[in-house]
1. Do we find a residue being at pLDDT 95 or above, surrounded by 24 or more Cβ atoms within 10 Å (Cβ to Cβ) and more than 14 Å from every other protein chain (Cβ to nearest Cβ) anywhere in segment C:133-141?
2. Looking at segment D:251-261 only, could you name the residues that are touching a helix residue (DSSP H, G or I) at 6+ places or on another chain (Cβ under 7 Å) and either of a type outside the set (A, V, I, L, M) or farther than 12 Å from D:Val178 by Cα (or both)?
3. Residue check: is B:Val133 among the β-branched types (Val, Ile, Thr) and in contact with an Asp or Glu (Cβ under 8 Å, 6 or more places away or on another chain)?
4. Within the group A:Gly65, A:Gly146, A:Gly60, A:Gly80, which residue is assigned to a loop (DSSP other than H, G, I, E, B), closer than 25 Å to A:Leu339 by Cβ and away from every other protein chain (no Cβ under 14 Å)?
5. For segment A:16-37, give me the residue count where each residue is among the aliphatic types (A, V, I, L, M), surrounded by 20 or more Cβ atoms within 10 Å (Cβ to Cβ) and not in a loop (DSSP other than H, G, I, E, B).
6. Answer yes or no as to whether D:Asp110 is modelled with pLDDT under 95, surrounded by fewer than 24 Cβ atoms within 10 Å (Cβ to Cβ), in contact with a strand residue (DSSP E or B) (Cβ under 9 Å, 6 or more places away or on another chain) and not basic (Lys, Arg).
7. Listed residues A:Ala87, A:Ala96, A:Ala25; which is in the same structural domain as A:Asp109 (by TED's automatic domain parsing), touching a helix residue (DSSP H, G or I) at 6+ places or on another chain (Cβ under 8 Å) and within 26 Å of A:Gly183 (Cα to Cα)?
8. Given the criteria basic (Lys, Arg), touching a Lys or Arg at 6+ places or on another chain (Cβ under 9 Å) and either closer than 30 Å to D:Gln279 by Cβ or crowded, with 16+ Cβ neighbours inside 10 Å (or both), does D:Arg317 qualify?
Protein chains: 4
Amino acid sequence: MEMMRANVFHGVNDIRVEEVLRPSAGVGEAVIRITLTTICGTDLHILRGEYPVKTGLIIGHEPVGVITDLGPGVSGYVVGDRVLVGAITPCGQCRACLSAHWAQCGHGDDTQAMGGWRFGNTINGAQAEYLLVPNAQANLAKIPDGVTDEQVVLLADIASTGFSGAESGRVTVGDTVVVFAQGPIGLCATAGARLMGAALVIGVDGNEHRRSVAKKMGADIVIDPNEQDVVAEVKRLTGGGVDVAIEALGSPETFKSALRCLRPGGTLSSLGVYSGKLQIPDDAFAAGLGDHKIVTTLCPGGKERMRRLIETVRAGRIDLTPLLTHTFTLDDIVSGYDLFGSCRDNVLKIAIRP
Amino acid sequence: MEMMRANVFHGVNDIRVEEVLRPSAGVGEAVIRITLTTICGTDLHILRGEYPVKTGLIIGHEPVGVITDLGPGVSGYVVGDRVLVGAITPCGQCRACLSAHWAQCGHGDDTQAMGGWRFGNTINGAQAEYLLVPNAQANLAKIPDGVTDEQVVLLADIASTGFSGAESGRVTVGDTVVVFAQGPIGLCATAGARLMGAALVIGVDGNEHRRSVAKKMGADIVIDPNEQDVVAEVKRLTGGGVDVAIEALGSPETFKSALRCLRPGGTLSSLGVYSGKLQIPDDAFAAGLGDHKIVTTLCPGGKERMRRLIETVRAGRIDLTPLLTHTFTLDDIVSGYDLFGSCRDNVLKIAIRP
Amino acid sequence: MEMMRANVFHGVNDIRVEEVLRPSAGVGEAVIRITLTTICGTDLHILRGEYPVKTGLIIGHEPVGVITDLGPGVSGYVVGDRVLVGAITPCGQCRACLSAHWAQCGHGDDTQAMGGWRFGNTINGAQAEYLLVPNAQANLAKIPDGVTDEQVVLLADIASTGFSGAESGRVTVGDTVVVFAQGPIGLCATAGARLMGAALVIGVDGNEHRRSVAKKMGADIVIDPNEQDVVAEVKRLTGGGVDVAIEALGSPETFKSALRCLRPGGTLSSLGVYSGKLQIPDDAFAAGLGDHKIVTTLCPGGKERMRRLIETVRAGRIDLTPLLTHTFTLDDIVSGYDLFGSCRDNVLKIAIRP
Amino acid sequence: MEMMRANVFHGVNDIRVEEVLRPSAGVGEAVIRITLTTICGTDLHILRGEYPVKTGLIIGHEPVGVITDLGPGVSGYVVGDRVLVGAITPCGQCRACLSAHWAQCGHGDDTQAMGGWRFGNTINGAQAEYLLVPNAQANLAKIPDGVTDEQVVLLADIASTGFSGAESGRVTVGDTVVVFAQGPIGLCATAGARLMGAALVIGVDGNEHRRSVAKKMGADIVIDPNEQDVVAEVKRLTGGGVDVAIEALGSPETFKSALRCLRPGGTLSSLGVYSGKLQIPDDAFAAGLGDHKIVTTLCPGGKERMRRLIETVRAGRIDLTPLLTHTFTLDDIVSGYDLFGSCRDNVLKIAIRP
């Protein structure tokens, strides 16, 4: 029985890198040796007990690696293939998947939302030397030669989620877009809005460094909410409100502000993870008669999504490597969580190398 | 100077039928002699002071009539043409209209929502002998011979709004749909969901008569919220939640229940007029990660919308005349408001004949 | 080694019911005992050598049956479950499937169209006692109690294809639709257009019996092309052309007529299988400037599509059993082909019972 | 009665700059003094008699100017406003416009395609000192200070059409796109595909200069059809075919090649003006079963379309001025036609200054 090192959740504020059993591939599964992964904001929520997972779980959900084991029923791959796997791993074969709601993949339970997110949530995740990939046929995206691990690792979650904020909001040529919060996901939403042809992209963040990165990622204008009335300024800049507002923080306050920024017929595209009640305020939403839309999106996954994003990177349309500000080894991952959690040192994303 | 009789708002709980100036048509306008109109729930809100309009305004927004006057710049019509005019009268030529957000027609002010609703809101309305129709070229829908005023008058608002609940929710063949409240708009939403191919339409209302009408209009199953836990029952009937929930009441409670009925990836199509804050509860919405959508719709108007709905009636796809439960003369309209406001006598919609 | 009886293609005009090996289920597969299947027009093309398949293939692609064998990796089913399987069996896990082009499922080859159609085309089909179902997890649709085999067998191909003509054409409330040819698929397209809210459905067929069935399935008006100039009559009835024209024959002539029936901005939804060149004539298509669309659709398959269609039948929205005009045993299937090929006796679809 | 100079069509190969009556604005109309216009490929077709217009017509349809006269019923503008007017001038108020098919605006005749194109086609056009703008309320797009005439004049037709090739083809992030022909419209289609997030844009043209401009406008790869088998090369580069092929030439041969380049489920977005029969060849289109789409688009117009494009230019997303390779005065326009018609001197678009 082979062992591996992995970052295991032992309880609130208690993660430990330790020896655990190395997985092997069953029917329809694959195992990859992780070559690069990351720490995500969601992992921090788990560590702090804000999002519950079971004790003993390996966390992490942004994996790049090399195939070491292929189970029966997986074809078109060989051991040694270098692959990216999305944070969300749809089976492709359930009711949700066959309705094009891949992120809501139920794995047999049609009634639960978010079922497509399994890594580091309901099954072992990527902060380990090896990772078992379920529904491998639908989830292994080969990485072409000439594209590095660093270029693609953030596609697994951050970029797929951020771009989807613009995609679900149906950003189109000439649109005005405001993106609330310029953390890693918000920065990718900013880049996504730009990539899809928005004529004005406004980034909002209280952190000066993040505002400066936002301008590099595609924001035409940035707003510091500590200095300006964001809603008033957005309305002024856009002559009455944006076509699409993207919420990338998960705060009830920014959710409300995003709604207030919309022009009649506009769309709030929500990416945030909310705890506690959201409110739709009196003064936004036109009493329900403004033809407004609120759309929410969980990170799109699956190998075809990853293939498209890899091609977008390969074509030079976007460069995500500036977001990988720090690197830690797997054995030193707890220090990485500490840095990431403190937001020190202009950290954006932390790369982990097993 | 010719006069006419009209129902004028004089203040909260004070409407009076009186003599006022009869309008004449300016550039791009038409005047129609009203042959049939109605009282709408929105008119009750105005009467009760729950929706503010200015004193002296003629209210009402569901007009059928005969053209008596055509201003310069209106072509393709002659005096004597029998027409239906939608409750919402888009100009067709502003930013919102040219973006296909006709109901949010700004008439020069791009920043205000609901601008397309003018009759009985910002300009004189239909509870009168004559009505001035703005942007007549975009808003006069000819009624074919063989189609009666009674068959089409409810298309102006009730049916256009109700159907739009199903349309904005993108109901498609095989969908499951729940419609909260079976008043006139909810009944039309029920009919609309059926018309668009939903395989299961569930109607919710506390009133037994309305539930019985709902079954005639297309509901497969009706639920009395006083007798059953609606959310639990809907989830049971649908194996986990509906594809589309339509809110047709305007209550924060039904808004919440509608959200709770959605399956992952489902859409809440909201038709209600809300006063006060709406809440998105903790236990619905999957913390923002369920790929849910909330869409709001203001009654689609304009002559092409009306033409399509008239053709739908003419083809026998829907019969709205059972909803016209009572008729009053214009001079007796105050009695009509009294009956309508009290919900007595199984009233659904009241026809007004000048 | 167990044997079964099956209808095997031996060459042009040579099919024989004979003993062949009974299949067993490998990884991700299932075997069902066929309880009801049919003969399809495509099978006739195969028999006549108009569509090439390899010698030795069992043909047929509309299967209802009972699960007898489940391979590794298939969960949520038990032996004895009664199921419908679509004619098209997407894997759910390839590039095409994960792009929502399930019918173009490539099974590993992204470049070939029509890859989702495997039964009786590239693998053994349903005119047999037993059928091996590939990618079973994505393709076994349970049939609820109270729904008969006869009610659902035509959903596998005919109804899924016919409805898709209306769906791909984006038929909506109030549309005008013409359907060229009222064979089984055209009849289902007619029913589908009606089901989705079209206000006027015009059915075209030279056969009087089929025109009479068309009226029962939802056509408001039928046209005999031998008696009337179809394009002129459609333009007259619709005041200038239809919103959607559905081609359900596969003839270059009806393809051209369908184009000529479109109003500016209209859509030709093509279901036909064409051999030989199609032409887009001078006098249709407005030199390419009419904002016309031509969309083609291969029968949507997969268990979720089948589930939705079964629910539509169960709700009583459509009854397909009148289309099953004749029944033969598997052993007598050659007589069935003979009757079906001759179009004698008002045959529409032939049921086959092993 | 005031006069002006204008370029008048007198018959095949006979245009003359001469004195004609200067227009004045009636109800709903405006007059603008042209400050910049162009010669379009369509004008060449007219000159050569390939597209018939009536003798005596002023041609040209890409106008930038200053308002000199406003008719009754036009509000929100003052004399002196600098405006761009689209080549297509929808009324906003007819059946087609109210169905969002603005380019098919019927002006009272619902049955004719292309009705939205009036300038230099059915009414006097822009190669003149003054231009009468019909439906002015829907068609005058103000040009902000700081944006030059040269920056926006090509938005009226070339860029709106070219971009629409990508928009109607629904190009999205990660798509592969091939654009056939890199004339002014094809170059804008190339730019549009890039602007909307395509990961690979392939430009096809036999002219070396145009291929080099294509690379500047956004093509990743260019192909010379005289040197390479375009279909084979596109399939090789894309691993089996593009998501979207844009035809921007109007030749039956490139139409066929574009079809052949599609992957299953792909879309041919056609911008060309075709004379003579188009054919859909045997070896493309998968006998009608490939889930392919063919969409055609006439240049989107109206003031909101122009506003969006102006904002896209103002934001620096695209610079069209390199396409304006030559400038002529109105009086010397015949020399401009001569140069443009001969394709000499790497001409792309010719600016005309009255």
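1. no
2. Step one: filter segment D:251-261 for residues touching a helix residue (DSSP H, G or I) at 6+ places or on another chain (Cβ under 7 Å), giving D:257, D:259-261.
Selection gives D:Ser257, D:Arg260, D:Cys261.
3. Working: among the β-branched types (Val, Ile, Thr): yes; in contact with an Asp or Glu (Cβ under 8 Å, 6 or more places away or on another chain): yes.
Yes; evaluated as a whole, the condition is true for this residue.
4. Numbers: A:Gly65 fails: assigned to a loop (DSSP other than H, G, I, E, B); A:Gly146 fails: closer than 25 Å to A:Leu339 by Cβ; A:Gly80 fails: closer than 25 Å to A:Leu339 by Cβ.
After applying the criteria, what remains is A:Gly60.
5. Going residue by residue through segment A:16-37, those that are among the aliphatic types (A, V, I, L, M) are A:17, A:20-21, A:25, A:27, A:30-32, A:34, A:36.
Narrowing the set further to residues that are surrounded by 20 or more Cβ atoms within 10 Å (Cβ to Cβ) leaves A:25, A:30-32, A:34, A:36.
From what's left, not in a loop (DSSP other than H, G, I, E, B): A:30-32, A:34, A:36.
Final tally of qualifying residues: 5.
6. Numbers: modelled with pLDDT under 95: yes; surrounded by fewer than 24 Cβ atoms within 10 Å (Cβ to Cβ): yes; in contact with a strand residue (DSSP E or B) (Cβ under 9 Å, 6 or more places away or on another chain): yes; not basic (Lys, Arg): yes.
For D:Asp110, the condition - modelled with pLDDT under 95, surrounded by fewer than 24 Cβ atoms within 10 Å (Cβ to Cβ), in contact with a strand residue (DSSP E or B) (Cβ under 9 Å, 6 or more places away or on another chain) and not basic (Lys, Arg) - is met.
7. Details: A:Ala96 fails: within 26 Å of A:Gly183 (Cα to Cα); A:Ala25 fails: within 26 Å of A:Gly183 (Cα to Cα).
Unique residue meeting the criteria: A:Ala87.
8. Details: basic (Lys, Arg): yes; touching a Lys or Arg at 6+ places or on another chain (Cβ under 9 Å): yes; either closer than 30 Å to D:Gln279 by Cβ or crowded, with 16+ Cβ neighbours inside 10 Å (or both): yes.
Yes.
The values are calculated or read from the model by the stated rules, or taken from the named source; none is laboratory data. What you are looking at is a predicted structure, and each value in this text was computed from that prediction instead of being measured. Backbone-built Cβ (ideal geometry, glycine too); neighbour counts: all protein chains shown.
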